[in-house]
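Please treat every number below as a calculation from the coordinates, not as lab data. From a predicted model like this one, the values you see are computed outputs, not experimental measurements. Cβ coordinates were reconstructed from backbone atoms using ideal geometry, including for glycine residues, and neighbour counts include every protein chain displayed.
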Amino acid sequence: MTQTAVIRVKGYQMEKILYFDYCTIPVLIIVLFATLMRKMTKGLANRLFITIIILSCINTVFDLGMEFMNGDDENVILSVCSYGYYTLRNGTVVLYALFLFAITRTWYRLKSAALKVAIAAPYAVILLLLFTNPLTNKIFVISEENVCERGEWLIIFYAITALYAVGELLYLVYCKRFLGIDKWVALMSLLVLSFIAVMVQLFYPQILLEMFANSIALLLVALLVLRPEEMLSSTVGLLSWKAYKMELKKIIATKQPVQIAVVRFVNAYEILTYLGEDRYYSYMHSVAEQVNQLYKKVYFELYFEHPDNMYIVFDSTDYQVEEETQKLYDLIMDKMKEIDSSGILPEPRICIIRYPEDLERYEDIVVLGHKFHGLIPYEQTFCRASDIIGTKDFEIGSNMDSILNRAITRQSFEMYYQPIYSIKEKKFVSAEALIRLNDLEHGFISPAVFIPAAESKGLILPIGDFVLESVYRFISELDFERLGLKYIEVNLSVAQCLQKDLPQKIEQLEKKYQVSPDRINFEITETTYENIGDVIHENLQAITARGYSFSLDDYGTGYSNIQRVSRLPLKIIKIDKTMVDDMDTPDGMTIMRNTVRMMKEIKKELVVEGVEQAEPLEQLAAMNCDYIQGFYFSRPLPQKEFVKFIMEHNGVM
């Protein structure tokens, strides 16, 4: 195969080196194939990128065609290749500018007429010059020897290309603050490599380096910018939760007005468990396809957060999203009927957030997307962010980071104790230690709110340390025998149990406050045993060896069975309130009665939580339960009030 072609520059003939163009085409084909195989076809940026690859590949063919047809008899083919090359060469520069607007989430700025003219006008000049070239021969001319010779106005093309490059360079510098360094370098590479290649060809026109440099830059963009592992959800094939967060940060950095429709599937975990992963994700995928049809007249992007949230981001703030919410709700319900005919139904909730009118901070938008369904009446399926913003629960949720950090720094947590009544001894013999948070700005905050937030933000360990220190100190100050108390129950989180030095911490507190191990019973949830590994197992063994006992909390809410419980080193089983509430039904009463009987047979002590009325108390006493905990006797009390309560009810003088 011929590796060179003859060209004429300023009257001289020279051989062009075609190796780089030969390499360009397979590189571009590989990039295109990889992009399609990785399913990077959705979204404006991806579509523009694919278009650039295809046009670059065609342009390389035109470039090769120009060289091979030089001096040949096929004058028409040479002309077609020449016009095609110069048209596409500069057209891809314009497309790359549009790609930058799309990948940086600043496409909305193209609504400006001035910016549209600034981008389109230079390329329009190129097209005009090419259109008039048959008359002027100023761009290139096909000589009598059928050789393509450069014209004196070709420098205008280089000047316009340089103009685009400078504009794109400045825009990338501006956008660097919300692009990762790897993405920024990859996007800059096309400009830098193209500039180097153009300079080389300007001085050494026989080296066809420009298209090869362009292909290498596109390869870098495919590898470092369009990464499916961070952009796509592997389960549904939609843009991922990580991609949504990245886009949301870009939106806020560029102050692009958008509307976000958040679809929360309240019972997603239950449906996932029932359908199984394959059918559940098939359902979500079919919902996404219907969403694409519903909003096909407006530009939007759809994201999926495993397993229960969809985010639909509309670039247009003029589009009346609220008018389509009922259709969106109906298609979600209809698709489930197609997937499963047994009657299981999803419970979608939809919230419309307008940025920046409703919310301006990234954290607030994320929090609202996760919490809005709990801030509206259960039967309500649709809301606007403006209906929720300003409520106490939203203010607490959006400021949870500062609330927790403030509480940890100032040690503003408080310990409460809920008395536990012994049916056999007819007095209060223990209590559960419960942490409370009374923030200076937001007042009382429920543990159901701040504990999960602390776990998700990695702050549960200092809170756990505060609880342990407080309980040991409190026990050291009490006269247990005089008060008639035996022990205090202390909750241990999974994170605490995973600490390798947990036994050492407990030993140090034990010695510091001179507290006997039999004065404390540690409560562990079923989740701890589900996550049990070497560290947790060794910690529990070490703590048990020191004389401490353990109880399993919230029995009846998970998947515990009697066989599993019998094998665990547990002294106490705590029956959850939900089982107490079900005692008003024949089936619920039967389950409770059999649960108590089985626990007694395997020698476990029973604490029944959530007792609020006299009737279930009498029924549980008849079943020979050991201990009762609940509002019937007392709510959790601050330390001083707890001591006063015990003295009064245990007859301590």
(request) Round to a whole angstrom and tell me the spacing of the C-alpha centers of the stretch 344-393 and the stretch 620-639. (result) 38 Å
(request) Give the calculated FRET efficiency between THR235 and ILE155 to the nearest 0.05, with a Förster radius of 51 Å applied to their Cβ-Cβ distance. (result) 0.40
(message) Going by average Cβ density within 10 Å per residue, which order do the peptides 94-102, 144-152 take, highest to lowest?
(response) 94-102, 144-152
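Excluding ASN491 itself, calculate the net charge of residues whose Cβ lies under 9 Å from the Cβ of ASN491, where each Lys or Arg counts +1 and each Asp or Glu counts -1.
On the way: positive: none; negative: GLU432, GLU489, GLU523, ASP553.
Neighbourhood net charge equals -4.
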(message) To test your reading of the geometry: what angle, between 0 and 90 degrees and rounded to tens, separates the Cα axis of helix 534-545 from the longest principal axis of the chain?
(response) 20 degrees
(message) Expected output is a single nm value to one decimal: the length gained when fully extending between ASP278 and GLU144, i.e. 0.36 nm times separation in residues minus the C-alpha distance. What is it?
(response) 41.5 nm
(message) Take ARG593 and VAL166, extend 7 Å from each Cα along the Cα→Cβ direction, and tell me the distance between the two endpoints in nm.
(response) 9.1 nm
(request) In whole Hz, with x marking every Gly and Pro, tabulate ³J(HN,Hα) for the stretch 482-488 from phi via Karplus 6.51 cos²θ - 1.76 cosθ + 1.60, θ = phi - 60°. (result) 5, 7, x, 8, 10, 7, 10
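Order 590-600, 41-51 from most to least packed using the mean count of other Cβ atoms within 10 Å. Kindly include the intermediate steps, with their values, before the conclusion.
Values: 590-600: 16.4, 41-51: 17.9.
Highest mean packing first, the order is 41-51, 590-600.
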(message) I want to verify the translational diffusion coefficient of the stretch 408-559 in µm²/s; compute it with Stokes-Einstein, Rh as the Kirkwood radius over Cα pairs, at 37 °C and 0.692 mPa s.
(response) 200 µm²/s
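What does the highest-first list of 165-174, 619-628, 313-322 look like by mean Cβ count within 10 Å? If you can, show how the numbers build up before the last one.
On the way: 165-174: 14.6, 619-628: 18.4, 313-322: 16.1.
Packing order, densest peptide first, comes out as 619-628, 313-322, 165-174.
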(request) Treat each spin label as a single point 7 Å out from the Cα along the C-beta direction, and report the ASP401 to LEU127 distance in nm. (result) 4.7 nm
(request) Would you kindly derive the ³J(HN,Hα) couplings of the stretch 232-249 from the backbone phi angles with the Karplus curve 6.51 cos²θ - 1.76 cosθ + 1.60 (θ = phi - 60°), listing them in order in whole Hz, with x for Gly and Pro? (result) 10, 7, 5, 7, 10, x, 9, 4, 8, 4, 5, 5, 4, 5, 5, 5, 4, 5
(message) Explain nothing, just compute: Karplus ³J(HN,Hα) = 6.51 cos²θ - 1.76 cosθ + 1.60, θ = phi - 60°, for every residue of the stretch 180-188 in order, whole Hz, x for Gly and Pro.
(response) x, 4, 5, 5, 4, 5, 5, 5, 5
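May I ask for the net charge around THR317, where only other residues with Cβ less than 13 Å from the Cβ of THR317 are counted and Lys, Arg are +1 while Asp, Glu are -1? Write out the running numbers ahead of the final one.
Values: positive: LYS111, LYS255, ARG354; negative: ASP315, ASP318, GLU322, GLU357, ASP358.
Charge balance near THR317 sits at -2.
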(message) Please report the equivalent ellipsoid semi-axes of the stretch 77-132, computed as sqrt(5 x eigenvalue) of the Cα gyration tensor, largest first, in whole Å.
(response) 27, 14, 5
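Nearest 5 percent is fine: what portion of the DSSP beta bridges confined to the chain is antiparallel? Mind showing how you got there, number by number?
On the way: 47 of 74 bridges.
Counting DSSP beta bridges with both partners in the chain, the antiparallel share is about 65 percent.
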(message) Which residues among the stretch 389-409 fall inside the zone where the amide N is under 19 Å from a point 7 Å beyond the Cα of ARG473, along Cα→Cβ?
(response) 405-409
(request) For the stretch 247-376, just the Cα set please: Rg and Dmax, both in angstrom. (result) 14.9, 47
(message) Between helix 586-601 and the chain, what is the angle of the helix's C-alpha long axis to the longest principal axis, kept within 0 to 90° and rounded to the nearest 10?
(response) 70 degrees
(message) Using the Cα centre of the stretch 407-531 as the reference point, and only Cβ charges (+1 on K/R, -1 on D/E), how large is the resulting charge dipole? Debye, rounded to the nearest 20.
(response) 260 debye
(request) Compute the long axis of helix 113-136 from its Cα atoms, compare it with the longest principal axis of the Cα atoms of the chain, and write down the angle in degrees, 0 to 90, nearest 10. (result) 30 degrees
(request) Considering the options PHE20, MET647, PRO447, tell which one lies farthest towards the positive end of the dipole of the chain, charges being +1 on Lys and Arg and -1 on Asp and Glu at the Cβ, about the Cα centre. (result) PHE20
(message) List the residues, sorted by chain then number, that are 5 or more residues from ALA431 or on another chain and whose placed amide H is less than 5 Å from its amide H.
(response) ILE420, TYR487, GLU489
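Work through the residues other than ASN539 whose Cβ is under 13 Å from its Cβ and net out their charges, Lys, Arg +1 and Asp, Glu -1. It would help to have the intermediate numbers written out before the result.
Numbers: positive: LYS500, LYS505, ARG546; negative: ASP501, GLU507, ASP534, GLU538.
Around ASN539, the surrounding residues sum to -1.
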(request) Pull up all non-local amide H partners of LEU637: gap of 5 or more, or a different chain, and H-to-H distance under 5 Å with H placed in the peptide plane. (result) TYR417, GLN418
(message) Taking 23 Å as the cut-off for C-alpha to C-alpha distance, list the pairs among LYS296/LYS335; LYS297/LYS335; LYS111/LYS296; LYS424/LYS600; LYS511/LYS603 that go past it.
(response) LYS511/LYS603
(request) Taking the Cα centre of the chain as origin, sum charge times position over the Cβ atoms of Lys and Arg (+1) and Asp and Glu (-1), and report the length of that vector in debye to the nearest 20. (result) 1140 debye
(message) Rounded to the nearest 20 debye, what is the charge dipole size of the stretch 90-157 about its Cα centre when +1 sits on each Lys and Arg Cβ and -1 on each Asp and Glu Cβ?
(response) 700 debye
(request) Rank VAL471, LEU115, ILE506 by how far each Cα sits towards the positive end of the charge dipole of the chain (+1 on Lys, Arg Cβ; -1 on Asp, Glu Cβ) and give me just the farthest. (result) LEU115
